Structure formats: C-alpha cells, structure tokens
Amino acid sequence: MGIIEIEHLRKEYGETVAVRDITFSVEDGEIFGLLGPNGAGKTTTVETMVGLRVPDAGTIRVLGLDPQTGKAELRRRVGVQLQESALQAKLRVKEAVALYASFYEDSEDPAHLLDALDLSSKRNDYYSALSGGQKQRLAVVLALIGRPKIAVLDELTTGLDPSARHSAWQLVEEIRDRGVTIVLVTHYMDEAERLCDRVALIDHGDVIALDTPERLADQGTHGKQVRFRPSAPFDDAVLAGLPEVSNVEHDGSRVVVSGSGNLVNAVILTLDRQGVTADDVRLESGTLEDAFLSLTGREIHEDQPATATVTAGQRDGSVSVRERRGANLATSLRSRPRRGSLPKGSWRTLVGTEWRLTRRTPVGLIWGVGLPVLLLVIFGSLPSFSETPAALGGLTVFEAYLPILIAVSMSLLALVSLPIPLATYRESRILKQMETTPIPPTWVLGAQVVINLGLLGVAMFLIVVIGTLAFGSHFPRDIPGFLLSLVLGAAAMFALGILIAAIARTARAAGAIGGALFYPMAFLAGLWFPVQLMATPLRLVSHLTPLGAAVDAMQTSIAGNFPSWRDLLVMIAWTAGLTFAAVNQFRWE
C-alpha cells in the first residue's frame, strides 16, 4: 500500500470539471510527478489531496489519513509549497521562518534550512526584496520547516531562469535523500525526466498514462534506436534474435537497431562476442513530450483552457459554498484543530509578528491613534469647547467630544486598519498558505483583532489621560457603564470591519468601502456637529447606528448615569447581525 492512495477522484466547480477521474498511488521515498499542461487538473488534485479542497467523489488516503477528517494531523506531517502563494511584503526572511517553525512541535533548525537553501545572506531582508528564485526557495524552506514526511511542490520552477531551475532540481534531489517523499507538480518535461521516479501524465482531469519517465518516453516512439558503425561485417540474425531487439536495418555504413529495455548493452556485448566493435554509438529514445503527443495527438504546451486552476475567488456567485469545506469562517471554525493541539508559544509568536508588521506599515497607529489624539489637542485648545450648553446635559463641549474621539479611533481601526491587511492576506494567498500548516487561519484574523483592540486601548487611554490632566475634563463617573459601552461599540464596529474584509475582493476595495462608511458614521456620531443639536430625525438615525449608540452611551456614563438600554440593545443587535454576516461571507481565498 502506498504512502498516498487516490482512487477515482473527481472535483467540479459548478459546470466546470477540474478533475474527472484520477487514480494513482505514491510509494514511500519516491519522487512522484504529476505532469500535464496548464489547466489539466494537477493543482486541484494536490490541493484536494492535502485537504485544501473537498472532493466531489472518490477516496483519498495520505499517510493512512483522510485529508478532511484527519486534517489536523496531516498538516503536521505534510509540507506544501503552493503554486501561487506569498508572504507579507514587510516580513523579514528570518521572521517568516521563525513564525512557521513555531507552528510545529519538532521543527527543523531554521538556520540550517536557510543555509541549505542559500538564503542565509538574505535572512534580514524583507520578503518584497527577494528575487523570484529566492521567494521560491523560501517557500520550500517553509514547506520543510516542520520536518514533513511528504513534501508537495507545485510548479516549483515556474518563472525561474535556467540556472535557478537547475539549482532547484538539485534541491529536490537533496530533499528526497533526506527521506522525504515528494509529489512534484510540473508542466516541464525535462524537469519530470530529470527528477521523477514515476510520472502520471494528466490531461483534462484524467490520468492518461502512469509509469517511469523512461518507459513513458518509450511509448512515445515505440521504443529506442541504437545507431552505430560496425568495425566489421556481421550477420544481422545475431542481433535480430535478441529479446531486446525488434528490428535491424542498414543506413549506408551505419546499422540501426530498434528495440526496448537495455538495448545498448545487449547490442554492444553481443557484437563483442562476435569480435565486432560498435563505433560512434548513438542512442535515440523518445521523450515525455513524444509520449504525450502519442497519447493525446497534441503537444503539452499547446494552449489549454484553465479548467483546473479555478479558485474560490474566480468562481461566480452561483457556486455553492459547500463545494469547498473551510471556504467560509463558520466551516473553518468547525474543522480547525483546537488551540491546545498546537505548540506553546505559537499564538504569542503570531501576534508578535503581526505587531511588527503593524509598526512597519503604521496605518492603524497614524489614523487610529495619532489622528484622534491630534483632534483632542486641537479641540481642547479652542475656547468654545469649554462652554457648557444646556443641550449637553451638564457636559462641556470638550467632555462631550471625548467619546466622539474614542469613536473616531474605534471606527478608523475597525473600518480601515483591520480589513485592509485581511483583504491583502486573502488577495495574495497568505491565508491559503497558512491553511497548509497546523495553525488555523482564524488565528491570523484573531491576531489582527487583538492588535487593533490594543491600539484602541492606547488611544482611549491617551484621550482620557490627556483630556483629564491637560484640559480638566472629568473621568467617566460611571466607569462600568463606560467600559460596557466601549466593549459593545467595539464589538459592533469590529464585526463590521471583518464583514468588509469578507466582501472586499481586494485591499483597495476594502479601503474604499471602509472610508466610504467612516464619514457618514462619524457625522452621525457627532464629529462635525453635536448630535444633541441635530434635528429629531437625524438624532433618531444616529442612535440607531452602532457608532452613534456607542457615543451616546459613553456620554451618558461620563455624566454619571448608566447608559440607556436602548443604546446597549442597538449595539448588541448590530454585533449579532454583523457577526453572523461576516462569518457566513468570509473566504480564505
């Protein structure tokens, strides 16, 4: 029984059949190739094999495990280099390797792997500064960091120059020598011929041939031909009687012998026993290109419809969510391993890494913390903000603005700082790369929420402290009511931010949606004009928005009263509705 067993695999995307009927097995310790043109179904096959997609039919066993029910265990024992994946642009090489190493109990030494793949000199470089070949080698490092039993390498050398391709080939052979079984996905004939012990030729979602590269090549030309110049005449029957020989012909002074198997040695040794030397020997054999042409009637590099490279982001809305388990957040939460099954320190390392990335691209720091504090100083310096209008219920204009500034920080962090990185991660397939590891992609989402909540806490602390010490405002008299209002308001706004990340196809779209929502919500929360002085219809609308309800509740607590149940229920309702929508709309790719 093979280390990988796939029988009658089928996968469809709506009316598109990506994998029709694929059956093969992979033996322990071999390099097994999936060879075929773009769109043949290779990537869908291996992504189904490692549990990234759900098969519509057929059975799969990898290391004796079903990739769906045994997903958590499989992720610890199978390393995957995806055809299309990336890392965060501002992530250093050493940080990426340390992060992925933290996902495994028994990880490889990062320094050793970086040295083995000639990346030691790049360890302090950002991912964005690496060349295409260096990014590919780093992807292999991350696939091997968990000491996998199986490594899946999908189009490893696509886009590399000839020198880099040969270096990658040497690397694959070294990986196999370390006892790792390799599944190599490629559309390069020379790559499969050089590296693979066995090759499955795939076309239009079917395995059309499976054998060693040599035997498949022989099928393409119906055998081998040996051409040589004999040193003396001989009887053709001497060679024609050999089991390896099918035909003997003469081409001028040369002899052409057709056959199969170990043809060259059989011909040379037989002639030598007859006292004849074969000079200027040339072996002509077929290639995998010949085999593919013979089996399909066309060349492997002819343009093909991209039937097998359909991703969740490319399918139209008519495709059922059930076609890909884990496609949305709700399914992911059910199918992911529990946190307790992961090494200690994984969560801390992930949050620390995301925090470093936040500092290097300080959108949240500038807008979510810097802007509200700047507005605080400006408003606090205006004489009119020290007045106490009757409409504000005993609060100065400045005190009424403190909750508004907190709400500005909350909305900018939730609507801009949170969804843009998440949309970027999905757009560049960083989240999909995470799916190949034991870490749940939900942790990435959680780390972003934690970081932005931390920034909100910093902003709130600065606003309250500076407002109290520098401008004489009163700290909220009803602290429990204030904190409850803050928590419920943040919950509603961050749920909205996750929903934006869920529905935005690109990071640019996420920023545009978040910005478009910020301005009307900030207006209705009273940033430009106090809500208490608005017309009655606008006041009602304000109190029905999550941000407006949060501001009204915090203003009430600053005045010393517990927030109204109306405001609390509005925030709770928004949180529940937005969370439900975000969970059902969120996609990892």
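The values are calculated or read from the model by the stated rules, or taken from the named source; none is laboratory data. Only a predicted model underlies this, so the values are computations on that prediction, with no experimental measurement involved. Using ideal geometry, Cβ is built from the backbone for each residue, glycine included, and neighbour counts are taken over all protein chains shown. Note: areas computed on protein heavy atoms with side chains; ligands, DNA, RNA excluded. Shrake-Rupley method; radii C 1.70, N 1.55, O 1.52, S 1.80 Å.
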Could you please let me know if Ile145 is of a type outside the set (Gly, Ala, Ser), open to solvent by less than 60 Å² (accessible area, probe 1.4 Å), within 30 Å of Arg61 (Cβ to Cβ) and in contact with a Pro (Cβ under 9 Å, 6 or more places away or on another chain)?
yes
Scan segment 191-205 for residues that are open to solvent by 40 Å² or more (accessible area, probe 1.4 Å) and part of a strand (DSSP E or B) and jot them down.
Arg198
Pair list, Cβ under 9 Å, 6 or more apart: segment 477-501 residue part of a helix (DSSP H, G or I), other residue of a type in the set (Lys, Arg)
Ala501/Arg426
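Yes/no per residue for (1) within 21 Å of Thr358 (Cα to Cα); (2) part of a loop (DSSP other than H, G, I, E, B); (3) of a type in the set (Val, Ile, Thr); (4) modelled with pLDDT under 95:
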position	(1), (2), (3), (4)
Thr43	no, no, yes, yes
Glu47	no, no, no, yes
Val54	no, yes, yes, yes
Ala72	no, no, no, yes
Gly79	no, no, no, yes
Gln83	no, yes, no, yes
Ala89	yes, yes, no, yes
Ser107	no, yes, no, yes
Leu114	no, no, no, yes
Which members of segment 160-199 meet the condition of being more than 26 Å from the chain's Cα centre (by Cα), at pLDDT 90 or above and of a type in the set (A, V, I, L, M, F, W, C)?
Leu195, Cys196, Val199
The condition of being closer than 24 Å to Pro67 by Cβ and in contact with a Ser or Thr (Cβ under 8 Å, 6 or more places away or on another chain) holds, among Ile145, Ile182, Ile175, only for Ile145
I'm told Arg505 meets every condition in (1) over 30 Å from the mean Cα position of the chain (by Cα); (2) in contact (Cβ under 8 Å) with a residue 12 or more places away in the chain; (3) not in a helix (DSSP H, G or I) except one. Can you identify the failing condition by its number?
(1)
Flagged in segment 424-472 as in a loop (DSSP other than H, G, I, E, B) and either within 21 Å of Ala582 (Cα to Cα) or open to solvent by less than 10 Å² (accessible area, probe 1.4 Å) (or both), in numbering order, are Ser428, Arg429, Thr436, Thr437, Pro438, Ile439, Pro440
I need the full set of residues from segment 91-105 which are over 20 Å from Arg356 (Cβ atoms) and either at pLDDT 90 or above or touching a strand residue (DSSP E or B) at 6+ places or on another chain (Cβ under 9 Å) (or both), in order please.
Tyr104
Can you name the residue in segment 527-552 that is part of a loop (DSSP other than H, G, I, E, B) and modelled with pLDDT under 90 and is also nearest to the chain's Cα centre (by Cα) among such residues?
Leu527
Select from segment 1-50 the residues that are acidic (Asp, Glu) and surrounded by fewer than 23 Cβ atoms within 10 Å (Cβ to Cβ) and write down the one among them that is farthest from Asp66 (Cα to Cα).
Glu15
